[in-house]
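Chemist: First the structure, which I've put down as structure tokens, then a few questions once you've had a look.
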Amino acid sequence: IKIAMQDNNEIDKYIELSVMFDTFKYIPRLGTKRIPIAEKESVAIHLYEMNYLAYLAYYSMDKVYQDQLDLLKILKLIMWHEADETITNDIPYPAKRALRENGFGNVLLNIKDTVRKIFKNIIPESLQKSDDEVLGSTFGEYKSEEKSFVKFLDYVNLYLNSIKLCDKGYNLEKTIEECRSLTVNHSWYLKCPLVMELIKHPHKFTDKEYN
């Protein structure tokens with residue numbers, strides 16, 4: 001039996017990444033002060049929600065649109081798209097919006113650049129070679145339809161979760177309206193029947209519990 005050998009430093013980096021992904025269980029999202037910790041989801045739950053939403057949204061589309069996307073690449077991008085929060089913790093959407101509206105958008109760019117430099121030293125070389133496009137989309141300026149689709153689903157996910165919290169009495173109307181607008185004006189909206197139905201009738205989803 002031929003045993004695959006890897007440099008110990010390379011394997012240590014894979015272990016470090018495993019630990020990093022495990023911490024997603026403990027990082028809370030929706031981090032506004034008005035929402036108590038008991039109501040917040042973890043990054044791990046967010047990634048799970050994004051994964052099943054991507055899987056179902058993809059197969060709800062006509063094949064002509066499916067053929068424009070690589071589903072495996074989408075799922076990989078989802079796994080990576082919140083990786084910076086292992087370093088920064090959650091920077092909630094309202095905070096990002098406030099920074100941009102008040103002329104501090106460069107702060108977000110500086111954070112992204114710092115995170116990119118940190119991950120350049122963490123990610124194993126063999127993984128960088130195999131998944132250069134996915135990692136470039138996550139930490140660089142690579143653009144792709146898959147990256148656009150993940151951002152589209154991120155709006156949908158925040159929209160649905162904000163409605164759930166709004167129904168419990170939290171004032172998230174502005175976030176709901178912004179996410180709705182960003183979703184319906186996105187290039188993937190009219191191509192995706194599942195998302196169209198969720199946006200038009202969100203309580204079909206938010207009012208139900210699986211028993």
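Chemist: Going down the table (Lys129/Lys151; Lys13/Lys76; Lys13/Lys147), which pairs top 20 Å between alpha carbons? The partial results should precede the final answer.
Modeler: Values: Lys129/Lys151 24 Å; Lys13/Lys76 18 Å; Lys13/Lys147 25 Å.
Where the Cα-Cα span goes over 20 Å, the pairs concerned are Lys129/Lys151; Lys13/Lys147.
Chemist: With the full set of protein chains in place, find how many percent of the accessible area of segment 126-197 is carbon and sulfur; take the probe as 1.4 Å. Intermediate values should be presented prior to the final figure.
Modeler: On the way: 1790 of 3460 Å².
The value for segment 126-197 is 52 percent carbon and sulfur by accessible area.
Chemist: Please list, ordered by chain and number, the residues whose modelled amide H lies under 5 Å from the amide H of Ser42; skip anything fewer than 5 residues away on the same chain.
Modeler: Sorted by chain and number, the residues that satisfy this are Arg29.
Chemist: Still on this structure, I have one more. I need the calculated FRET efficiency for the pair Ser18 and Lys129, taking r as the beta carbon distance and R₀ as 22 Å, to the nearest 0.05.
Modeler: Computed FRET efficiency for Ser18 and Lys129: 0.70.
Chemist: Does anything in segment 70-87 have its amide N under 11 Å from the 7 Å Cα→Cβ label point of Ile118, and if so which residues?
Modeler: Counting only backbone N, you get 83-87.
Chemist: Could I ask something else about it? Among 44-50, 159-165, 180-186, 63-69, what's the highest-first ranking by average C-beta atoms within 10 angstrom per residue? It would help to have the intermediate numbers written out before the result.
Modeler: Details: 44-50: 18.1, 159-165: 21.3, 180-186: 15.7, 63-69: 12.4.
Output ranking for 44-50, 159-165, 180-186, 63-69: 159-165, 44-50, 180-186, 63-69.
Chemist: Still on this structure, please answer the following. For Lys40, give me every one of the lysines with a C-alpha distance below 17 angstrom, ignoring sequence neighbours fewer than eight places off in its own chain.
Modeler: Lys25, Lys164, Lys168
The values are calculated or read from the model by the stated rules, or taken from the named source; none is laboratory data. Note that the coordinates shown come from a computational prediction; the quantities given were computed from them, not determined experimentally. Methodologically, a virtual Cβ is constructed for each residue, glycine included, from the backbone with ideal geometry; neighbour enumeration extends over all protein chains shown. We work out accessible area using only protein heavy atoms, side chains counted, and drop any ligands, DNA or RNA first. Shrake-Rupley method; radii C 1.70, N 1.55, O 1.52, S 1.80 Å.
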